[in-house]
1. Could you please tell me which pairs satisfy a Cβ distance under 6 Å, a separation of 6+ or placement on different chains, a first residue in the stretch 281-292 that is within 21 Å of VAL256 (Cβ to Cβ), and a second residue that is of a type in the set (Val, Ile, Thr)?
2. Keeping to the stretch 234-257, report how many residues are more than 16 Å from the ligand (Cβ to nearest atom), closer than 14 Å to GLY181 by Cβ and surrounded by fewer than 20 Cβ atoms within 10 Å (Cβ to Cβ).
3. Which ones in the stretch 217-245 are over 25 Å from ILE283 (Cβ atoms) and in contact (Cβ under 8 Å) with a residue 24 or more places away in the chain?
4. Which ones in the stretch 363-388 are assigned to a helix (DSSP H, G or I), free of Cβ contacts under 8 Å to residues at least 24 places away in the same chain and either surrounded by 19 or more Cβ atoms within 10 Å (Cβ to Cβ) or more than 10 Å from the ligand (Cβ to nearest atom) (or both)?
5. Go through the stretch 341-355 residue by residue and tally those that are part of a loop (DSSP other than H, G, I, E, B) and touching a residue at least 24 places away in the same chain (Cβ under 8 Å).
6. Please specify each residue of the stretch 343-362 satisfying the condition of being open to solvent by 60 Å² or more (accessible area, probe 1.4 Å) and near the ligand (Cβ under 9 Å from one of its atoms).
7. Does the stretch 112-127 include one or more residues that are in a loop (DSSP other than H, G, I, E, B), buried (at least 16 other Cβ atoms within 10 Å of the Cβ) and in contact with a helix residue (DSSP H, G or I) (Cβ under 8 Å, 6 or more places away or on another chain)?
Amino acid sequence: MDPFINEVLNLLLRFFHVITGIAWIGASFYFIWLDNSLENPPKWKADKGIRGDLWAIHGGGFYEVAKYRLAPPEMPKHLHWFKWEAYTTWITGFFLLSLMYYVGAEAYLIDKRVADLSQGQAIAIGLSVIIGGWFFYDLLCKSPLAKNGTLLGIVLFAGGTGLAYFLTQVFSARGAYIHMGAVIGTIMAGNVFRVIMPGQRALVDAVKAGGAPDPSWAEKAKLRSTHNTYTTLPLIFIMISNHYPITYNHAYNWAVLMAIVVITAAIRRYFVLRHTNKETPWILAGAGVATLALVVMIAPKSISVPAQAEAADVVASVNVNKVESVLQSRCAVCHSSSPTDDMFGTAPGGVMLDDIAQMKQWAPRIQARAVDSTDMPFMNKTGMTDDERVLVGEWIAAGAPES
Ligand code: HEC
């Protein structure tokens with residue numbers, strides 16, 4: 001595909017995906033907050049069948065929201081549904097995934113150092129995992145295991161850990177992460193499509209027919225929306241993880257991912273409980289401590305930064321010409337005003353490393369991507385060695401001198 005067209009499609013899909021994602025998660029957060037914040041209504045409202053009542057002020061007006069114990073006596077003329085937010089987020093996400101990771105599999109999904117897959121094989125694995133993930137989850141939720149929410153959660157977490165490990169053994173690191181996101185996102189949208197919406201339709205039909213709705217629908221919908229609540233933050237993290245090789249490019253990237261899943265789900269738990277006036281500061285504190293511990297664990301083993309006294313010697317000993325030629329040969333294939341790489345026609349991320357002045361300008365990012373993490377060169381396509389990374393690290397530690 002023409003690189004320019006590819007870029008334009010990527011931009012449009014991503015923009016659309018982010019907007020619908022905000023609408024979906026925004027509505028979902030709002031309704032969870034709403035449900036948990038309802039107060040007992042005054043008697044005259046309770047007599048009308050209202051179970052919870054809430055007042056809010058927003059955008060210069062007062063709002064009164066009421067939730068019925070069962071259903072209104074008759075169906076209102078306009079009943080608002082919330083489903084297209086979820087569906088369009090999934091659809092745009094799927095197209096974006098296909099464009100970047102399937103059309104561009106050779107660049108983004110396949111890492112020959114991990115597994116020597118063909119484009120067809122990689123796509124087949126990706127799609128099977130996304131579809132299989134949904135069926136595995138859905139069957140578990142329909143099994144007797146679902147009676148015990150905690151046990152089900154543990155089994156799902158174990159399954160997720162296994163999947164994360166598997167993905168990192170077949171795909172590039174970022175391809176593995178994004179597929180975890182695709183599996184979770186598909187489960188969440190599937191929950192809306194296959195359980196929550198049908199449940200609501202059954203409810204509406206029952207009310208129209210003047211009967212009582214089948215309570216099993218409500219139970220199922222509750223389980224699925226609880227899952228959706230706790231997967232929201234992990235999902236958002238995965239969607240932005242591409243910017244953070246300190247996570248996806250770590251040697252134990254699958255474990256880092258699962259640790260972040262636990263931490264972010266716990267944070268969500270804290271807020272859910274807080275809406276119901278249950279303060280659980282220990283959850284938040286625990287998540288904070290766990291985050292710190294994780295940060296310490298994934299911190300790069302730094303290149304021996306010279307002590308002040310030795311700094312001058314190091315500056316003197318750094319061979320600037322050698323650094324320049326290393327970065328030119330290892331990076332400027334792609335990162336150049338005129339790249340020679342077969343896949344990247346324009347300098348990725350706008351980063352050009354043609355001469356020492358540009359290298360100095362980008363020194364902190366070079367440190368992050370090629371020294372602290374070994375995420376650049378991209379898939380180490382140009383075969384940068386560890387010694388070269390040390391050399392570049394020493395040059396940066398010495399203040400990235402230009403001569
Ligand atoms: C085969 C092509 C290729 C080579 C070689 C390559 N890169 Fe990249 N680089 C990319 C791509 C693609 C991106 C954009 C995706 C991303 O940010 O991960 C990128 C993005 C970057 C960024 C911008 C993102 C940021 O974190 O600020 C930096 C900096 C970078 N590379 C540094 C390097 C360095 C240093 C080298 C050499 C040691 C190198 N790259 C070699 C393809 C390459």
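1. Short answer, once both residue conditions are applied: ALA287/ILE263; ALA287/ILE267; ALA290/ILE263; THR291/ILE263.
2. Residues in the stretch 234-257 being more than 16 Å from the ligand (Cβ to nearest atom), closer than 14 Å to GLY181 by Cβ and surrounded by fewer than 20 Cβ atoms within 10 Å (Cβ to Cβ): 2 in total.
3. LYS220, ALA221, ASN242, PRO245
4. Matches in the stretch 363-388: ASP386, ASP387.
5. Of the residues in the stretch 341-355, the ones part of a loop (DSSP other than H, G, I, E, B) are 341-347, 351-355.
Subset that is touching a residue at least 24 places away in the same chain (Cβ under 8 Å): 341, 343-346, 353-355.
Selection size over the stretch 341-355: 8.
6. Within the stretch 343-362, MET343, GLY349, TRP362 qualify.
7. yes
Each row is one residue, and each column tells you yes or no for (1) at pLDDT 95 or above; (2) surrounded by fewer than 22 Cβ atoms within 10 Å (Cβ to Cβ); (3) of a type outside the set (Asp, Glu); (4) farther than 22 Å from LYS142 by Cβ.
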| residue | (1), (2), (3), (4) |
| --- | --- |
| LEU156 | yes, yes, yes, no |
| PHE166 | yes, yes, yes, yes |
| VAL170 | yes, yes, yes, yes |
| ARG201 | no, yes, yes, no |
| GLY210 | no, yes, yes, yes |
| GLU219 | no, yes, no, no |
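The values are calculated or read from the model by the stated rules, or taken from the named source; none is laboratory data. Here the structure is a predicted model, which is why all the values come from computation and not from measurement. Ideal geometry is used to build each Cβ from the backbone, glycine not excepted, and the neighbour counts take in all protein chains shown. We work out accessible area using only protein heavy atoms, side chains counted, and drop any ligands, DNA or RNA first. Shrake-Rupley method; radii C 1.70, N 1.55, O 1.52, S 1.80 Å.
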